[in-house]
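Here's the structure, in structure tokens; my notes come after.
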Amino acid sequence: MSNSAPYIVVAGGSTSRSVLATVLLVMGLVLAACAPASTGSPPAAAKAAVPAVPSAPAAAPTAASPPRTETVKYAASTSVSSAGAFIGLERGYYREVGLELEIVPFSSAAEMIQPIAASQVDVANADTGAGIFNALGRGLPLRFVADGNHTEPGHSSLAWVVRKDLVDSGAVRDLPDLRGKKISPIARGSLVDSLAYRTLARAGLQPSDVELEYVTFPDVLPAFSNQALDAAILTEPLVTAAVDQGLGVRWRGMDDLFGTFQSTLIMYSPTMTTQRQEVGRRFMVGYLRSLRDYQDAFNGGKDLDAIIAILTKHTNIKDPAVYKKIVVPAFEPNGQMNVQSIKDLQQWYVDNGLVQTPAALDEFFDTSYLDYALAIVGRR
């Protein structure tokens, strides 16, 4: 895993004072995001802080009138899920639309929420933990604008990994065999947490039928080694590492259990959606071109080694051979989001007491940027 970067500090000028005011407003919202929200409707003032983005697309940049170069700060983890940023950066797709993409690394998607909410970064590919839904319920002024990555049949970087000796002995064959086992849903209030609980439900088990231990991703393989843990939902490349080291078996992919669902979303900051909409439209053009290159490489083999070289440079997987062994996440070539799966996830958090005041999610999805970009690059 990569080291997290310090947050960006904005200073100087009247624009900065405006940004600082936004930061102070939003930070208060975000600090409370991980705690259960109080009951009741979000404050009217908070709702008013979520402005609408004009739906009419601006004219596409032309060679005759090149756009002014703008810097876009992109919050990225060092995983394959940030491929849409890395590919476009290396192949010049963002530069072609007048953007300089500045990668701001974070060790996890959850750490991006505070900086994106405060407009310290412009774009983030962030996960959908309970914390963000709590913040949205309080009026956090973000927009979900495109697919960040998702799970679909044949493409699930998330999978149940069971200790190899338990599979070899026949102690764990089918879902009900998880009864009495020590399992890790990784982090409370996360997408993985919801998938673990939903797996138990499919097995006809209650949480009390297993020993739940929240062991973080880096600690799972050592826990397998000393037999302190029996099963966990891991992400690549840890899934493949567990298999290669003889510690675990890739037992059930999340695609096998739950089909297609949204994993992360591309989010725009409040400043991006209120003052830099035209920059947001340009970014989406470069982003979609990058996703198509990724899909062509991993689904069709086109320029696969070249795309792997880009990912090797920017992600935490430095061995090119590993990319041909792991199960990589999926990206929607038109950037479309699985809105219903996000609504279902929020409802799970509500049902399990992790979100007290659900957000009206339709207010936070904005496809106008995709509409603009698709008019330029076409649909697939």
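The values are calculated or read from the model by the stated rules, or taken from the named source; none is laboratory data. Keep in mind the model is a prediction, meaning the values are calculated, not measured. Glycine gets a Cβ as well: all are built from the backbone with ideal geometry, and neighbour counts include every protein chain shown.
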Inspect all residues belonging to the stretch 326-333 and state whether any of them is small (Gly, Ala, Ser), closer than 21 Å to GLN262 by Cα and in contact with a strand residue (DSSP E or B) (Cβ under 8 Å, 6 or more places away or on another chain).
yes
Which count do you get for residues in the stretch 132-183 that are part of a loop (DSSP other than H, G, I, E, B) and in contact (Cβ under 8 Å) with a residue 60 or more places away in the chain?
10
Checked pairs for the stretch 244-261, first in a strand (DSSP E or B) and aliphatic (A, V, I, L, M), second crowded, with 19+ Cβ neighbours inside 10 Å and at pLDDT 95 or above, C-beta under 6 Å and 6 or more apart or across chains, list as VAL249/VAL162
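Listed here are the residues, each with its yes/no results for (1) over 30 Å from THR199 (Cα atoms); (2) outside any helix (DSSP H, G or I); (3) out of contact with any helix residue (DSSP H, G or I) (no Cβ under 7 Å at 6 or more places or on another chain); (4) touching a residue at least 12 places away in the same chain (Cβ under 8 Å).
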position	(1), (2), (3), (4)
GLY280	yes, no, no, yes
ARG292	yes, no, yes, yes
THR312	yes, no, no, no
LYS318	yes, yes, no, no
MET337	no, yes, yes, yes
GLN346	no, no, no, yes
THR357	no, yes, no, yes
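Residue-by-condition table, conditions (1) over 23 Å from ARG282 (Cα atoms); (2) out of contact with any helix residue (DSSP H, G or I) (no Cβ under 6 Å at 6 or more places or on another chain); (3) in the same structural domain as ALA232 (by TED's automatic domain parsing):
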residue	(1), (2), (3)
SER107	yes, yes, no
GLU111	yes, yes, no
PRO115	no, yes, no
GLN120	no, yes, no
ALA130	yes, no, no
ASN134	yes, yes, no
LEU142	no, yes, no
Can you confirm whether the stretch 192-203 contains a residue that is among the β-branched types (Val, Ile, Thr), surrounded by 18 or more Cβ atoms within 10 Å (Cβ to Cβ), modelled with pLDDT of 95 or more and farther than 24 Å from GLN340 by Cβ?
no
Within the stretch 293-313, how many residues turn out to be under 18 Å from the mean Cα position of the chain (by Cα) and surrounded by fewer than 21 Cβ atoms within 10 Å (Cβ to Cβ)?
1
Residue check: is ALA187 under 19 Å from ILE317 (Cβ atoms) and touching a Phe, Trp or Tyr at 6+ places or on another chain (Cβ under 7 Å)?
no
